[in-house]
Structures are given as C-alpha cells and as structure tokens.
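Colleague: Right, I'll just put the structure down here and ask away after.
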Amino acid sequence: MRFAHPEPSPASARIWPVFLPFAGCPHRCVFCAQDKQTGRDDADLDAVRRELETDLQGALNQGRGPYELAFYGGTFTALPAPWPETFLALADRFRKSGLISRVRCSTRPDCVDPDGLKLLAALGLDMVELGIQSFDDGALRASGRGYSGKMALAACAVVRDAGLALGIQLLPGLPGDRPGLFQSDVRTAAGLAPETARLYPCVVVRGTPLVDLWERGGYAPWTTDRAVHELAEALPVLWAEGVRVIRLGLAPEPTLDANVLAGPHHPALGQSARALALFEIIRARVRELGRRPSVLEVPRRYSGEFFGHARELAPTYFELGFAEGSIRFAETELFSLE
Ligand code: SF4
C-alpha cells in the first residue's frame, strides 16, 4: 500500500525574523523569557529599524530573497505609535523591490482590534500569529494571562475578519494545566484551521516569575517524555486540518539553554515528537495490512528524523514486525508498505 505523509507542504519563502523582545507587552507573563530566547534583553526600536534597513539593503544588493519578514518576541500590535506603521513602511519598500514577499507579526489575543488590524493589513501586514497559549479559562487565569478562552477565540476571528492569515501558538503545561487540556486546546486550534501552529511546552527559565512558583512547589512542568507524547498526539490532529506546525519546543539558543531550570527543553524534542507521530501513522497502516510487514519504503526527506533521536524508535519498529534492513529510504514522494 502507498500513502503520503499527512503533513502539509512547507512554505516556500524563508522567514527573516526580527526580534523585538517584550516591545509593546502590557506586562511580563509568568513563563516568558524573550530576553533569553532572543539573546537580547530589550528592544531599542530605532536601533532595530536601522539595523534591519541596513541588513535588508545588503540582502537586496546580493540578490537574495524573497523572504517573509516576521516581527517576533513582543506584542507588535501594541507597539507605541508610530512603530507598527514605521516597520510596515520599511517592509513595503523592500516588498516593492522584490526582497520581501510577506510580512507577519506575533501578538497577544487581547491586543488586537478590528479597526487596528484592518489598518495594519492595509499597510502591508499579511499574517498575525496569536500567542493564545491556551483556550482554557483556568489555565489562563493561573498563568496570569489576563484574557479568557472566549476572548482568545474572538481574537482569531478578528484576525480573519481583517483579511489576515492566522497563526496560533499554544503553550501546554502551564500553571493550571490538567490531563487532557492540551489535546482539547489542539482540537480547538485545529477547528479554526489556522495557517500555522507553534507548540511550546512550558519550561521554567531563570529570571521569570514562574521560578518562584516552581521553587515553592506550586508548579510542576511536564517531563520531556510527556511533552514528546503529547506533541506526537497533537501533530496529526493539526495536519489533518492542513495546519503547518512550524515549531515544536523553544528553539535552542545558548542564552536560553543555560537558563532553563526545569521542564521539557531538549534540542531533539521536535524530532522525537515528529518521529513518534509518524510511527503511529505507520503502525495504523501495518494494522490495516493485517500481517507482518516485509518492506517499508520511506521518502528520503524523512531519513533524518524517522527513527527519532539517537534511533530511539528502532526497537519499536522491530516490535511492530519490521526485520533488520526492511525499512529503506528512497527518492520517492510516497511511503510504500508491503
Ligand atoms: S508571552 Fe508575549 S505578551 Fe507575554 S511577555 Fe512574552 S512576548 Fe510579551
């Protein structure tokens, strides 16, 4: 039998990230360590603009691109005036010269309003990634996010109604978490069919208010094993709705890695979760086959992640009935199981 990987195809343009740590944020969220994640502890917006302009001009001169410009790390829609307009005007200049194909930003669900977003859309914003974190009132309250699940849902509609593409970010394992909550959030997110999703299991980072709660025994982060299993369960649900999952876990960054005190922060978290999700898909196909499999041909582009981190899934494939050498990587688009 032949079958495709259910993951939607990746975007064509490369992302050009612009980090604005904490810029526009109404307060510091208990878990947030944008300073450690981005390696910058503040955002001097004028300095960021000047540096961005120089770098974009350099890229244009070298004939690079196109890129999707992405403003991350803060609350773009709540930047003081006229910064959103200033950054979008800069992006527009380089869009006209062909270097920039699209512009996205990240923001909070309580910092979007219909008129404001329509204005930003008219100025060239194409996509908004909402830091939803959870749709659950209890988890949002326990994490001090300052909005309800209903407001998070409404914010997604505001983004769509402004004609913008939607991205959803979830942060499972927050204070107030309970069994089944993340999978419920995933189903809600998938039902909204956003263009992209990012899933960042919560970790305890030095310098965040979460450290105090964790040290007092009031918060326990997920284990890495739980994170891998929960993410692996979430992936097919999102893929089934055509959602591109563009990040699993926080990106490794020396300043972050040195400051994570607890929680599922592992450089191979995403690889392990993707590999486990794929394993479950293949296990279902083997069940359909109804007998011991003899050969599995796998598209070569999955060879790096297929067996998971340090071949952790090799024994599991063996238990499923695959003999040594019966899994082969080939220049093919489809999986083939015999
Ligand atoms: S989670 Fe978002 S809103 Fe909260 S401090 Fe971090 S960047 Fe700002």
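Colleague: Skipping prolines and chain starts, which residues have an amide H placed within reach, meaning under 5 Å, of the one on A70, given they are 5 or more residues away or on another chain?
Modeller: W16, V18, R104
Colleague: A follow-up question, please. What percent do you get for the relative contact order of region 206-280 when only Cα pairs under 8 Å and 6+ apart count? Walk me through the numbers before you get to the answer.
Modeller: Values: 56 pairs, mean separation 32.7, N = 75.
With pairs under 8 Å counted, the relative contact order is 44 percent.
Colleague: Next question. Mean residue ellipticity at 222 nm from the helices of the chain, using -39,500 (n - 2.57) per DSSP H segment of n ≥ 4 over the full residue count, to the nearest 500 deg cm²/dmol? Walk me through the numbers before you get to the answer.
Modeller: On the way: 12 runs with 129 residues, N = 338.
Rounded to the nearest 500, it is -11500 deg cm²/dmol.
Colleague: So, counting K/R as plus one and D/E as minus one, what does the shell of residues with Cβ under 15 Å around G63 add up to?
Modeller: +1
Colleague: Oh, and also: Normalised by the residues of region 154-248, what does the relative contact order come to in percent, with Cα pairs under 8 Å and at least six apart?
Modeller: Relative contact order for region 154-248 comes out at 35 percent.
Colleague: Taking only the alpha-carbon positions of the chain and ignoring solvent, what does the Debye formula give for the base-10 log of I(q)/I(0) at q = 0.14 Å⁻¹?
Modeller: So the normalised log intensities are -1.18.
Colleague: OK, next. Output needed: percent of Cα pairs per 10 Å distance bin for region 152-210, bins running from 0 to the one holding the longest distance.
Modeller: Bin by bin from 0 Å, the calculated values are 20, 45, 27, 8.
Colleague: Then there is this: With both partners inside the chain, how many of the DSSP beta bridges are antiparallel, as a percent to the nearest 5?
Modeller: That works out to approximately 15 percent antiparallel.
Colleague: In addition: Could you run the Karplus curve 6.51 cos²θ - 1.76 cosθ + 1.60 with θ = phi - 60° over region 21-34 and give me ³J(HN,Hα) per residue in whole Hz, x for Gly and Pro?
Modeller: Once θ is set to phi - 60°, the couplings for region 21-34 become x, 6, 5, x, 6, x, 7, 8, 6, 4, 9, 7, 9, 4 Hz.
Colleague: For the Cα atoms of the chain, what angle does the longest principal axis make with the long axis of helix 83-96, in degrees from 0 to 90, nearest 10?
Modeller: 70 degrees
Colleague: Taking the Cβ of C29 as the centre, find all other residues whose Cβ is under 10 Å away and add up their charges (Lys, Arg: +1; Asp, Glu: -1).
Modeller: Values: positive: R28, R108, R145; negative: none.
Taking every other residue near C29 into account, the sum is +3.
Colleague: Going by alpha carbons, how many degrees (0 to 90, nearest 10) lie between the helix axis of 181-191 and the longest principal axis of the chain?
Modeller: Compared with the principal axis, the helix lies near 80 degrees.
Colleague: Considering only protein heavy atoms and a probe of 1.4 Å, how much of the accessible area of the chain is carbon and sulfur, as a whole percent?
Modeller: That fraction is 51 percent.
Colleague: Next up: Based on the mean of other beta carbon atoms within 10 Å per residue, what is the order of 216-226, 159-169, 125-135, most packed first?
Modeller: Per-residue mean Cβ counts within 10 Å order the peptides as 125-135, 159-169, 216-226.
Colleague: Go through the cysteines of the chain and tell me which have no other cysteine Cβ under 4.7 Å away.
Modeller: Among the cysteines of the chain, those whose Cβ sits 4.7 Å or more from every other are C25, C105, C111, C156, C202.
Colleague: Let me ask you something else. For helix 224-240, what angle does its Cα long axis make with the longest principal axis of the chain, in degrees from 0 to 90 and rounded to 10?
Modeller: Compared with the principal axis, the helix lies near 80 degrees.
Colleague: Can you work out the Karplus-derived ³J(HN,Hα) for every residue in region 47-52? Use 6.51 cos²θ - 1.76 cosθ + 1.60 with θ = phi - 60°, whole Hz, and x for glycine or proline.
Modeller: 5, 4, 4, 5, 5, 5
Colleague: Rolling a 1.4 angstrom probe over the protein heavy atoms, how many square angstrom per residue are accessible across region 61-168? List each step's numbers first, then the result.
Modeller: On the way: 4050 Å² over 108 residues.
Ligands and nucleic acids excluded, the result is 37 Å² per residue.
Colleague: Quick query: amide H of A262 versus all other amide H atoms, modeled in the peptide plane; which residues come in under 5 Å with a sequence gap of 5 or more or a different chain?
Modeller: Residues meeting the amide H criterion: V204.
Colleague: If you don't mind, another one. For region 289-337, with equal point scatterers placed on the C-alpha atoms only and solvent neglected, what are the log10 I(q)/I(0) values from the Debye formula at q = 0.15, 0.16 1/Å, to two decimals?
Modeller: Reported log10 I(q)/I(0), two decimals: -0.38, -0.44.
Colleague: Over the chain, what is the mean sequence separation of C-alpha contacts under 8 Å (at least six apart), divided by residue count, expressed as relative contact order in percent?
Modeller: 16 percent
Colleague: To continue, here is another question. Could you work out the Rg to Rh ratio of region 7-57, with Rh taken as the Kirkwood radius (inverse of the mean 1/r over all Cα pairs)?
Modeller: Ratio of gyration radius to Kirkwood radius for region 7-57: 1.08.
The values are calculated or read from the model by the stated rules, or taken from the named source; none is laboratory data. This is a predicted model, so every value here is computed, not measured. No Cβ is skipped: glycine too gets one built from the backbone with ideal geometry, and neighbour counts run over all protein chains shown. Ligands, DNA and RNA are stripped out before the accessible areas are found, and what is left, the full protein with its side chains, is counted by its heavy atoms. Shrake-Rupley method; radii C 1.70, N 1.55, O 1.52, S 1.80 Å.
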